[in-house]
Amino acid sequence: MAVLVGEFIIADFHPLNALILTLERFESLLSEAWVLKTLAFAIMVGSVMTLIERSGGVNSLVHELSIKRSIVKTKRGALIPSFIAGIIVFIESSITSLVAGAIGRPFCDRYGISRAKLAFVCDSTSAPVCSLIPLNGWGALLLGLIGGQITAGLIAGESATWLVQSIAFNFYAMMALVVTFIAVWYEIDIGPMRHATLGAPEIEYDDAKGDIGLFLWPMVWMIGGVILLMFVTGNGDIFKGSGSTSIFYTLLITLVMMWGYYRLKNVLTSKEFFSAALNGARSMTPIALILLFAFAIGGVSSDMEVGQYLASFIGDYLPSAYLAGAIFILAAIIAFATGTSWGTFSIMIPIAVPLAVGLDAPVALAMGAVISGGVFGDHCSPISDTTIISAMASGCEVGEHTRTQLPYALISAGIALTLFILFGIALT
């Protein structure tokens, strides 16, 4: 409905033209290689997760961490492995969510923790960590956008130097990690999270001994594959690698490797393997459709120039001390409306830097506000791919994940906004 209404406005309220534009929109999306790869990735994730469970890999993980090594013994510690995984795997936000979700799902079921809480942990570590440790596609995009401002003569120096300085002011990402850890460690459930439904386990997680490699090796292949293919697709430069291509081929290779490994271990017959893979893929079809519609509404928002319209509200009369706070709020609104932090960066960096220079405000602080606002808005948006993938990886409904995560995100955003105002006053 949102896509149709947007196209109706773009078509000057002509119903037939709106319908034609809608059909052309989806035709264009389905002709884009990166879109098809992303949709295929969403479907293949279902296959990987189902195969790990059917093979006994999940049971093995539970036994290894709960019984053999006694690492996870309480409800408090059940989400810590997912939190740690979210910090360590910073190469690509989708893989971060996938790994953290895969590790946490059995422990959520075992210790009576809602899948929504797990989705919150996955989402609150993926994009924030990737924006704080930008040795990935996030860094490549930001370096390019900052480089454009240097080329235009607005600022001087090296792109990498400016990026490092701006990351120091990425307050929302920092606060999101702190708030998430506190919520996990002290078992704090606020707002809708207190009423989140407990996920019924798809299999019984018993304490039977198994081969931890049934779980561990697929994770290694996915993480290692993405890193390797980011280098390959970037011709030796990880910053220039293609995220969608890397993830697609990594999942494809992982499934092939899993088939060989599981046959070698004689845990699944070929018939059982392909049956489980197909069932897992089928379960993710609705998620793939949600992603497709999310891409469509993002395109509609872009064509309607929502970001540029909102940016027009920041004028020359805004006090320079409050510029970073205003940029943070504006970037958050744009990211929430469009469902993309990267699109927000692309819109707001070319706006924020000239504003900061013109008002003699700290440029790095303004850049940090753009990054923080983009991550925050994207974090809360129900049409964001990271929101959808985090819910998918955790086995949680997208709507429930969005509602339950929002109060925590608002707390982090409130602290971040306060810091942007304080630093704006102090540095101006």
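Nothing in this text is a laboratory measurement; each read-out follows from the coordinates by a stated rule. Please read these numbers as outputs of a predicted model, since none were measured by experiment. Note that we place each Cβ from the backbone using ideal geometry, even for glycine, and neighbour counts take in every protein chain shown.
Some observations on this one:
- Cut-off 19 Å, label 7 Å out along Cα→Cβ of Val232, residues of the stretch 42-64 by amide N: 42, 44-45
- Take 321-334, 77-90 and order them by the average number of nearby Cβ atoms within 10 Å per residue, most first; the result is 321-334, 77-90.
- Protection proxy ranking for 10-22, 106-118, using the average of other Cβ atoms within 10 Å per residue and placing the highest first: 106-118, 10-22.
- Neighbour counts of other Cβ atoms within 10 Å put Thr428, Thr161 in the fewest-to-most order Thr161, Thr428.
- Lysine pair count for the chain (Cα-Cα distance under 22 Å; residues 8 or more apart in sequence or on different chains): 8.
- Gaussian network model of the chain, Cα within-10 Å springs - most flexible of Gly153, Gly377, Gly57: Gly153
- Calculated from backbone phi, Karplus (6.51, -1.76, 1.60) coupling profile of the stretch 253-263 in Hz, x at Gly/Pro: 5, 4, 4, 5, 5, 5, 4, x, 5, 5, 5
- Under 5 Å, built H, 5+ apart or other chain: amide partners of Ser242: Thr233, Gly234
- In the chain, the longest principal axis of the Cα atoms and the axis of helix 93-111 are about 50 degrees apart.
- In the chain, helices alone account for a calculated mean residue ellipticity at 222 nm of -24000 deg cm²/dmol, with every DSSP H run of four or more residues adding -39,500 (n - 2.57).
- Exposure proxy ranking, count of Cβ atoms within 10 Å, fewest first, for Arg25, Arg403: Arg403, Arg25
- Label-point separation in nm, Glu305 to Ala152, each point 7 Å along Cα→Cβ: 1.5 nm
- Label-to-label distance, Thr428 versus Asp360, with points set 7 angstrom from Cα along the beta-carbon direction: 1.2 nm.
- Nearest 10 degrees, 0 to 90: helix 341-358 Cα axis against the chain principal axis: 30 degrees
- Simple spin-label estimate for Leu289 and Leu216 in nanometres, 7 Å along Cα-Cβ: 4.0 nm
- Taking the longest Cα principal axis of the chain as reference, the axis of helix 323-338 is set at about 50 degrees.
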